[in-house]
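Every number here is computed from the coordinates shown, using simple stated rules; none is lab data. Predicted model only: the values in this text are computed from it and were never measured. In this analysis, Cβ positions are derived from the backbone assuming ideal geometry, glycine residues included, and neighbour counts consider all displayed protein chains.
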Amino acid sequence: MDTPISEMGFAGIAVGAAMAGLRPICEFMTFNFSMQAIDQVISSAAKTYYMSAGRVPVPIVFRGPNGASAGVAAQHSQCFAAWYGHCPGLKVVSPWNAEDAKGLLKASIQDDNPGVFWENELMYGVPFELSEEAQSKDFVVPIGKAKIERPGSQITVVAHSRPVGHCIEAATVLAKEGIDCEVINLRTIQPMDIETIEASIVKTNHLVTIEGGWPQFGVGAEICARIMEGPAFNYLDSPVFRVTGADLPMPYAKTLEENCTPQVKDIIFAVKKTLNLI
């Protein structure tokens with residue numbers, strides 16, 4: 001309770017507790033503050049299970065808000081998907097709705113590997129319906145498996161976290177114009193479910209990726225590379241289009257902030273451009 005702002009300290013205590021046999025959940029009030037403790041997350045947690053030849057598991061979950069909130073400027077608005085997804089040894093999950101959040105958090109706690117669990121601060125007050133299955137105490141969402149939130153036949157749209165909702169909104173608008181989008185909720189950044197994306201591309205022949213993070217070396221860039229290297233590349237009828245956050249620190253002004261993060265209109269534009277409709 002009332003832990004001081006000393007991320008390296010409490011993250012290190014949590015990592016030690018995991019090495020001693022507990023399954024701690026270490027919360028960063030925002031993942032921007034995890035930079036203070038990145039040595040504990042990467043060097044102490046992510047690498048130890050491998051370096052000990054499996055003798056010292058570190059079953060810890062680092063959780064907290066990731067990505068842009070509202071009106072909190074650059075130092076509280078970064079998406080760390082590219083940072084932590086880059087590091088072997090960590091399982092990195094990014095839920096969108098309540099079902100994702102419940103099922104992936106349980107899976108992360110049960111996993112013997114260290115994990116990063118990202119919420120989006122703007123989703124905390126958004127209600128979702130939960131199926132009876134999801135309300136079961138035994139409900140778990142497997143780590144590393146994406147979910148098709150909206151089946152479609154003309155274009156594949158892939159996102160994680162809050163932008164999944166934007167994609168579904170955009171798909172609803174585009175459906176009225178006769179454009180059928182398949183929306184994939186990535187759910188997990190590391191390991192990434194490329195197989196589900198590939199199977200969708202075989203059907204739709206087009207791909208758009210959406211993320212709140214910066215474009216360079218981002219999640220969309222990784223998806224593009226993996227698709228190019230795999231069998232689904234031969235099924236693409238047009239280049240992959242990425243929708244990302246703007247390539248600059250987040251401004252404080254509300255109007256500028258909205259123009260720096262992917263909006264529904266940006267997704268609609270990207271889909272039409274990929275389909276050569278504009």
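The table below lists the values:
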item	result
Cα-centred dipole magnitude for the chain, charges only on beta-carbon of K, R (+1) and D, E (-1), debye, nearest 20	240
Gaussian network model of the chain, Cα within-10 Å springs - most flexible of Gln40, Gln190, Gln216	Gln216
Degrees, to the nearest 10: 194-204 long Cα axis against longest axis of the chain	10
Kirkwood Rh (inverse of mean 1/r, distinct Cα pairs), the range 207-266, angstrom	12.7
Crossing angle, helix 7-19 versus the chain [Cα axis fit, 0-90 degrees, rounded to tens]	80
Whole-Å distance, taken between Cα centres, linking the range 1-68 and the range 216-253	29
Helix-only mean residue ellipticity at 222 nm for the chain, each DSSP H run of n ≥ 4 adding -39500 (n - 2.57), per residue, nearest 500	-9500 deg cm²/dmol
Listed residues Ala221, Ala232, Ala70, most fluctuating in the chain (Gaussian network, C-alpha, under 10 Å)	Ala70
Helix 163-175 axis, angle to the chain major axis (alpha carbon atoms, nearest 10°)	10
Net charge contributed by nearby residues that have their C-beta within less than 14 Å of Asn205 (K/R +1, D/E -1)	-3
Values of log10 I(q)/I(0), in the order q = 0.14, 0.15, 0.18 Å⁻¹, for the range 138-242 under a Debye, Cα-only, solvent-free model	-0.49, -0.57, -0.82
Range in the chain, longest, excluding exposed chymotrypsin sites (Phe, Trp or Tyr not before Pro) [loop by DSSP; at most 16 other beta-carbon atoms within 10 Å]	1-123
Loop-exposed trypsin sites (Lys or Arg not before Pro) per DSSP, neighbour cap 12 Cβ within 10 angstrom, longest uninterrupted part of the chain	177-278
With at most 14 neighbouring Cβ atoms within 10 Å, loop GluC sites (Glu not before Pro) (DSSP) excluded, longest segment of the chain	1-128
Farthest positive-ward along the chain dipole, Cα basis, beta-carbon charges - from Val202, Ala18, Ala170	Ala18
Set of lysines near Lys265 by C-alpha distance (under 25 Å), chain-local residues within fewer than 8 positions excluded	Lys147, Lys176, Lys203, Lys254, Lys273
